[in-house]
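To start, the structure itself, in structure tokens.
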Amino acid sequence: MAFTITDAPTKEELESYSAEQLRAYYALKASNNDTLSVHSIPPTVDGVRRRTVDKYGELIAYMSIEDYQGILQGFLIGLVGARRILEIGTFIGTSAIYFANALKRNGVKGGVDGTGHKPIISLDINEEFAEIARQNFVEAGVDDYIEVIVGDANKTLASLSDLTFDLCFIDADKESYRNYYETMVNNYMIAKDGLFIFDNTSFDKVLTFADTPVPVAPDAKPLDVSLGGFEITKEVAISLHEFNEHIRKDPRIEVVMLPLYTGITLVRFMH
Ligand SMILES: C[S@@+](CC[C@H](N)C(=O)[O-])C[C@H]1O[C@@H](n2cnc3c(N)ncnc32)[C@H](O)[C@@H]1O
């Protein structure tokens, strides 16, 4: 069942919902709570999404994080007191807009600093997406906070190895997650107690390939956010599974996977 924010179910309707439907309903509510978090949703995000659906269709538009995830990630930025952020996978800029607004709330100023960079560096391989993102940043009033570098992030990352980030959001090609992680950790590109956020780490198919128990409640399910029938290949699932197992055994970090959406892995780097 798809809910909209204007739904106000009666007590009888609520009682008729399955646990999964209730979870989906409250995920949406939590993303749009007028009194709690509406100031956390950047006002331009809806327009960014609508234009993306018009141009590319619903399926590809789902690549952007949803409001709830944006609010959660903004909250984490506040929690770690992040001042410099690296994003791998810009797409049309939704997550970066959330990040920029969270930095603003943290009192971080925009513009190029002594390193020659803006507070958020976002990497994408696709020039067309990057250009749309840049326009969206201007519209959202955050272009002072975000620079997009176009190219294969596996290469771009190596050229940024002198920089240190407080938070890194990894949301691009899943086969490269391990390389992104190793490059950043081995070059101390993530600050002490800095945070990695890896998206999509528990796609259903990844769980199929897991050979060790997944540390979530037995009845836990990803929230019903309807991925529009999007399927990942077996190769991607195996890469993600290998990545999950790799970091679980790394003594340099603390790791927790949130069973939200298609899995969000938080990694605290302690060096
Ligand atoms: C899921 S989307 C990112 C969504 C964005 N973080 C958001 O939530 O709004 C993934 C992006 O990664 C980019 N990408 C894929 N492979 C890449 C690579 N090797 N290097 C850099 N970007 C890549 C794609 O072009 C796509 O725009």
For segment 190-198, take each phi angle, set θ = phi - 60°, evaluate the Karplus expression 6.51 cos²θ - 1.76 cosθ + 1.60, and give the result in whole Hz per residue in order, putting x for glycine and proline. 10, 5, 4, 6, x, 10, 9, 10, 9
Trypsin sites (Lys or Arg not before Pro) in segment 90-151 lying in a DSSP loop, each with at most 15 other Cβ atoms within 10 Å of its Cβ, come to Lys109
In whole angstrom, the spacing between the Cα centers of segment 139-196 and segment 107-127 equals 11
Scan around Glu87 for amide H atoms under 5 Å from its own, H built in the peptide plane at 1.01 Å from N, and keep only partners 5 or more places away or cross-chain. Ile121, Ser122, Leu123, Phe169
For Glu175 and Thr233, compute 0.36 nm times the residue count separating them, minus their Cα-Cα distance, and round to one decimal in nm. 19.8 nm
Val80, Val142 arranged by Cβ crowding within 10 Å, fewest neighbours leading: Val80, Val142
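Bear in mind that the values in this text are calculations on the coordinates, not laboratory data. Predicted model, so just to flag it, every value in this text is computed and none were measured. We place every Cβ from the backbone using ideal geometry, glycine too, and count neighbours over all the protein chains shown.
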